[in-house]
Amino acid sequence: MSRPILLKGGRVIDPSQNLDDTLDLLVAEGHISGPWRGLEVPDSAAVIDCSGLVVAPGLVDLHVHLREPGDEHKETIASGARAATAGGFTSICAMPNTRPPIDDPAAVGFVRAEGERAGYAHVYPVGAVSVGLKGEEMTEIGELVSTGAVAVTDDGRPVYDTGLLRRTMEYIQSFDIPYFSHSEELGLSGNGVMNEGSVSTSLGLRGIPNAAEDVAVARDCITAELTGGQLHILHVSTRGSVEIIRAAKARGVRVTAEVTPHHLTLTDEAVRGYRTEAKMNPPLRSAADVQAVRDALVEGVIDCIATDHAPHHYEDKECEFDDAPFGIVGLETALGICIRELVASGRMGLPDLIDRMSCVPAKIARLPAGTLAEGSPADIVVFDPEVRWTCEPEKFFSLSRNTPFAGQELVGRVAMTLVGGRLVYDPDERLPRGGKESEDV
Amino acid sequence: MSTTISFGKDLTGLEHLSAEQIKTFLDTAEPFKEISERPIKKVPVLRGKTIVNLFYEPSTRTRVSFEFAEKRLSADTVNISASGSSVVKGENLVDTARNLEAMRIDMVVMRHRSSGAAQFLADRIPSNVINGGDGQHEHPTQALLDMLTIRDHKGQIEGLKVCIVGDIVHSRVARSNIYGLTKLGAEVAVCGPPTLVPKGIEELGVQVFKRVEEAIEWADVLNVLRLQLERMKAGYIPSLREYNRFFGISAARLEKAPRDILVLHPGPMNRGVEIDSHVADGPHSVILQQVTNGVAVRMAVLYLLAGGQPERAEAAKGGRS
């Protein structure tokens, strides 16, 4: 077993215990001892000075596309799980829209096993709702759960048949998992490629109106209400969705929602110049929508932040806007964007941000994560909350580089990431080599 | 007047041009009109220049008009259409462009189905790129020839009321006309069934009429757009017959116009759908003159992007530069 690690003198923030204090944290046997003051440290421990740094439960991303199997040139389970740790994430949920899709127990087992083999962030498979993601026949959801799926979704597309949606949201209750909804009314989104509005009109690009999301979110909330099933709305992008979710929560509907860093930050103006790295679904919306989803996050109507990490190869995006695929990478920029946009700007405290990027998503998918409580798995992120750095996609661990944040200054950067007590990301080599010299850090 | 006006490398649209640049294109077209009226229609303005006409979509008028403009200015031209080229073999736009570039060309005129394709190409090759229509975005030379034709008949653009009628949402001609006309001080409106008018169009500085009678009541100039058959199949309108009845420009409707109205159409026309033959062939129509002006406008665009000075256009025709 690897030797114990003492994270010394950091600002330990653990919203799950209402903790925000300068403390030492000992990691031994893959689990957390402490955090305590005046901790008795074994001689064998490697001591890492964390003064000036935040020590927090590892971040949890409910929404990641890993592209394996099928598009390993864009991302593999291993490369994505490694990129996750570079972004401070220790648990990620892998969406099932791979080729072939994750719609049977063998595929779920494959994703889980590859994740374990890679040894970076924990990879939790999300199973498909429908066989082949075709929206027709329900998958063997019970089997998927028993082999490791933590939720079901047809993400990339909605479950269009409301009858199937109803049965799914009823059936999942036997297995105590959420349904992750890609809420989109296809009749309204049509073959749109960006937000519908004055920018799409001036660029001559086909628009996707806010209503395409609003209508679907309303349907999904009403179906959750009908069935009592747990609904989690993926990538909320519109002010209309926010109001519908708010109203559903007020009625006691079991609904949670996530927002991506890019929908919190960018508007459809980012598309000008036909920038394919600003093409995603749902699309970047208006300034009023950005304001609304930010406010909703602060207020708690939107529960958590997820990246919708969607890697695409350079040549896939180096083309006409109509032909480019939807999606951007997000794992390695999420924390820096969120601290810049939410914390540095004073909208949200650091503990609240950690709650929304770790504790809350862990609860939504019932993952063993999101806490530094004694005895928990030692999934930990250590970051500098104030350092300013420039987003340089060529330095990503992800195999893909498609981000509209290239060249932007971000605030807050991951210094170290531990998964199961192992230091899996340590770019500055803070972990002292050997055992005995560890005292003179 | 010797203030040099710069045009940049490309003409991808009118949106980002100044009124002065647009006027210069129109003014420079004037001396070029005469070339096409000569028995020997050739001047040495672009002698030695190599121009590729890269047409990813079918086109007769625009392609031929550019080709005549190029040839009458003595450029060497090559036409490439998507069918019968490496495009059907799966080559992407960047690679096609780079291969052309490797043959040392000077200019590319491109028509493409995707909005933004001209900008995409312009950003990636050092040759001049002229947008011959990109998706639903812009068709700048069409708008320039429309404006030149309007100016020929009305004397000026400023203060005129111009209404673009028809399928606005899918029209690159509409967008370029809106940008160009508003910059030159015209009042611009659009009219069509609301299924074919894009959201947010008012923010481009135009007003919207939902009934064609209101547009005719208001306008000095109508620019009537082609209604593509596919729009009916896609459910934007119930039938062509109904479109003609409620949105078609007929002689009976024009008779009720309070002023002498000018009718333009970028072609190709669907007679009996968006425009009736009595109008197309009637006294209000300047449709064929648009086509004639198209050659002169494209000569002006080629000349100016190749670095020609507006005030030297007349001299350049004689081979002096």
- Query: If ligands, DNA and RNA are left out, what is the accessible area of A:Cys391 with a 1.4 Å probe, given in Å² to the nearest 10?
  - Reply: 0
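Taking N as the number of residues in the range A:178-267, what is its Cα Rg relative to 2.2 N^0.38 Å? Write out the running numbers ahead of the final one.
Values: Rg = 13.8 Å, N = 90, 2.2 N^0.38 = 12.2 Å.
Rg over 2.2 N^0.38 Å, computed on Cα atoms: 1.13.
Taking 0.36 nm per residue of separation and subtracting the Cα-Cα distance, what length does fully extending B:Asn92 through B:Arg312 add? Write down the numbers at each step before the final one.
On the way: separation 220, 0.36 × 220 = 79.20 nm, distance 3.92 nm.
The span from B:Asn92 to B:Arg312 would gain 75.3 nm if fully extended.
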- Message: Probe radius 1.4 Å, ligands and nucleic acids left out: can you give me the accessible area buried at the A-B interface, summed over both chains, in Å² to the nearest hundred?
- Response: 1500
- Query: What base-10 log of the normalised intensity I(q)/I(0) is obtained for the range A:103-248 from the Debye formula, alpha carbons as equal point scatterers, at q = 0.18, 0.20, 0.21 Å⁻¹?
  - Reply: -1.01, -1.13, -1.19
- More than 42 Å apart - percent of Cα-Cα pairs taken over the protein assembly as shown: 41
- Message: Can you compute the equivalent ellipsoid semi-axes for the range B:47-115, i.e. the square root of 5 times each eigenvalue of the Cα gyration tensor, sorted largest first and rounded to whole Å?
- Response: 20, 15, 9
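So what's the projected area for the range A:1-76, the Cα convex hull averaged over all directions, in nm²?
7.5
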- Message: Treating only the Cα positions of the range A:139-181 as identical point scatterers, give the base-10 log of I(q)/I(0) from the Debye formula at each q in 0.18, 0.27, 0.29, 0.33 Å⁻¹.
- Response: -0.47, -1.02, -1.13, -1.31
- Query: What would the Debye formula give as log10 I(q)/I(0) at q = 0.06, 0.11, 0.16 Å⁻¹ for the alpha-carbon point model of chain B, no solvent?
  - Reply: -0.20, -0.68, -1.35
- Query: chain A: percent of C-alpha pairs farther apart than 32 Å?
  - Reply: 34
- Note on the structure: If every Lys and Arg gets +1 and every Asp and Glu gets -1 at its Cβ, then about the Cα centre chain A yields a dipole, in debye to the nearest 20, of 420
- Query: With the solvent-accessible surface defined on protein heavy atoms using a 1.4 Å probe, which residues belonging to the range B:127-155 display a reduction of at least 30 Å² in accessible area in the multichain context relative to the isolated chain?
  - Reply: B:Gln136, B:His137
- Task: Measure off 7 Å from each Cα along the Cα-to-Cβ vector at B:Glu214 and A:Ala406, then give the distance between these two points in nanometres to one decimal.
- Result: 4.6
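Hey, if we sort B:Asp106, B:Asp134 by accessible area with the 1.4 Å probe, largest down, what's the order? Can you show the working numbers first?
Details: B:Asp106 50, B:Asp134 5 Å².
Ranking B:Asp106, B:Asp134 by accessible area, largest first, yields B:Asp106, B:Asp134.
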- Message: Can you give me the % of accessible surface on the protein assembly as shown that is carbon or sulfur? Probe 1.4 Å, all protein chains present, nothing else counted.
- Response: 49
- In whole angstrom, and with the biggest value first, how far do the Cα coordinates of the range A:1-148 range along each principal axis? 59, 30, 26
- Task: Over all alpha-carbon pairs of the range B:1-72, lay out the pair-distance distribution in 5 Å bins, whole %, shortest bin first.
- Result: 3, 11, 18, 22, 24, 17, 5, 1, 0
- Find which of B:Met232, B:His284, B:Gln207 sits farthest along the positive direction of the dipole of the range B:207-294, computed with +1 on the beta-carbon of Lys and Arg, -1 on that of Asp and Glu, about the Cα centre. B:Met232
- Note on the structure: For the range B:31-181, shape from the Cα gyration tensor axes a ≥ b ≥ c, cut at a/c of 1.5 then a/b versus b/c, turns out oblate
- Note down the magnitude of the dipole of the protein assembly as shown about its Cα centre, charges +1 on Lys and Arg C-beta and -1 on Asp and Glu C-beta and zero elsewhere, to the nearest 20 debye. 2860
- Note on the structure: From DSSP H assignment alone, runs of 4+ in chain B each adding -39500 (n - 2.57), the sum over residues rounded to the nearest 500 puts [θ] at 222 nm at -11000 deg cm²/dmol
- Query: So, in nm, how far is label B:Arg271 from label B:Glu158 when the simple model puts each one 7 Å beyond its Cα toward the Cβ?
  - Reply: 4.0
- Query: So who's got an amide H within less than 5 Å of the one on A:His63, skipping anything under 5 residues away but keeping other chains? H placed 1.01 Å off N, in plane.
  - Reply: A:Cys93, A:Thr307, A:Asp308
- Item | Between helix B:140-154 and chain B: long-axis angle, C-alpha atoms, 0 to 90°, nearest 10 | 60
- Message: Probe of 1.4 angstrom, ligands and nucleic acids ignored: what's the accessible area per residue over chain B, in square angstrom?
- Response: 42
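Short version: what are the Cα gyration tensor semi-axes of the range A:262-328, square root of 5 times each eigenvalue, largest first, in whole Å? Don't jump to the answer; show the numbers that get you there.
Values: eigenvalues 128, 37, 9 Å².
Values for the range A:262-328, descending: 25, 14, 7 Å.
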- Indicate the residues belonging to the range B:181-228 that lose 50 Å² or more of solvent-accessible heavy-atom surface (probe 1.4 Å) upon moving from the chain alone to the assembly of all protein chains, ignoring ligands and nucleic acids. B:Lys199
- Taking accessible area as the heavy-atom solvent-accessible surface of the protein chains with a 1.4 Å probe, which residues of the range B:108-123 lose no less than 30 Å² upon going from the isolated chain to the full protein assembly? B:Arg113, B:Ser114, B:Ser115, B:Phe120
- Query: Can you tell which of A:Pro42, A:Ile208, A:Thr98 lies farthest toward the positive end of the dipole of chain A, using +1 and -1 charges on the Cβ of basic and acidic side chains (Lys, Arg; Asp, Glu)?
  - Reply: A:Ile208
- Residue-normalised accessible area of chain A, given per residue in Å² at a 1.4 Å probe: 35
- Charge dipole of the range A:220-356 about the Cα centre (unit charges at C-beta), most positive-ward option of A:Ser286, A:Val253, A:Gly336: A:Val253
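Under Stokes-Einstein, with the Kirkwood radius over Cα pairs standing in for Rh, what whole-number D in µm²/s applies to the range A:69-112 at 37 °C and 0.692 mPa s? Intermediate results must be reported in sequence, preceding the final value.
Working: Rh = 11.1 Å.
D = 295 µm²/s.
Shape of the range B:123-190 from its Cα gyration tensor (a ≥ b ≥ c, root eigenvalues): rounded if a/c is under 1.5, otherwise prolate when a/b > b/c, or oblate? If you can, show how the numbers build up before the last one.
Working: a/c = 2.53, a/b = 1.54, b/c = 1.64.
Cα axes put the range B:123-190 in the oblate bin.
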- Loop-located trypsin sites (Lys or Arg not before Pro) in the range B:38-124, at most 15 other Cβ atoms within 10 Å (DSSP): B:Lys41, B:Lys42, B:Arg47, B:Arg104, B:Arg113, B:Arg124
- At 24 Å minimum axial length over the Cα atoms and a Kyte-Doolittle cut of -1.0, report the qualifying DSSP H helices in chain A, or say none. A:210-227
- Task: Report the semi-axes of the equivalent ellipsoid for the range A:162-209 in whole Å, largest first, where each axis is √(5λ) for an eigenvalue λ of the Cα gyration tensor.
- Result: 35, 10, 6
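If you rank A:Met280, B:Met103 by how much accessible surface each has, with a 1.4 Å probe, what is the order from largest down? Intermediate values should be presented prior to the final figure.
Details: A:Met280 10, B:Met103 140 Å².
Putting A:Met280, B:Met103 in descending order of accessible area: B:Met103, A:Met280.
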- Taking all pairs of distinct Cα atoms, average 1/r, flip it, and tell me the Kirkwood hydrodynamic radius of the range A:356-441 in Å to one decimal place. 15.6
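Taking the Cα centre of chain B as origin, work out the dipole magnitude from +1 charges on Lys and Arg Cβ and -1 charges on Asp and Glu Cβ, in debye rounded to 20.
Details: 40 positive and 38 negative charges, 151 e Å.
The calculated dipole for chain B is roughly 720 debye.
Express in % the proportion of alpha carbon pairs of the range B:94-231 at distances exceeding 22 Å. Don't jump to the answer; show the numbers that get you there.
Details: 4095 of 9453 pairs.
Cα-Cα pairs in the range B:94-231 separated by more than 22 Å: 43 percent.
Past the 20 Å Cα-Cα mark, which pairs from A:Lys279/A:Lys363; B:Lys33/B:Lys71; A:Lys134/B:Lys199; B:Lys33/B:Lys317; A:Lys74/A:Lys134; B:Lys154/B:Lys183?
Numbers: A:Lys279/A:Lys363 30 Å; B:Lys33/B:Lys71 14 Å; A:Lys134/B:Lys199 32 Å; B:Lys33/B:Lys317 11 Å; A:Lys74/A:Lys134 23 Å; B:Lys154/B:Lys183 17 Å.
Cα-Cα > 20 Å for A:Lys279/A:Lys363; A:Lys134/B:Lys199; A:Lys74/A:Lys134; rest within.
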- With all protein chains in place and a 1.4 Å probe, A:Val41 shows an accessible area in Å² (nearest 10) of 50
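The values are calculated or read from the model by the stated rules, or taken from the named source; none is laboratory data. It should be emphasised that the depicted structure is a prediction, and the values quoted were computed from it without experimental measurement. No Cβ is skipped: glycine too gets one built from the backbone with ideal geometry, and neighbour counts run over all protein chains shown. Note: areas computed on protein heavy atoms with side chains; ligands, DNA, RNA excluded. Shrake-Rupley method; radii C 1.70, N 1.55, O 1.52, S 1.80 Å.
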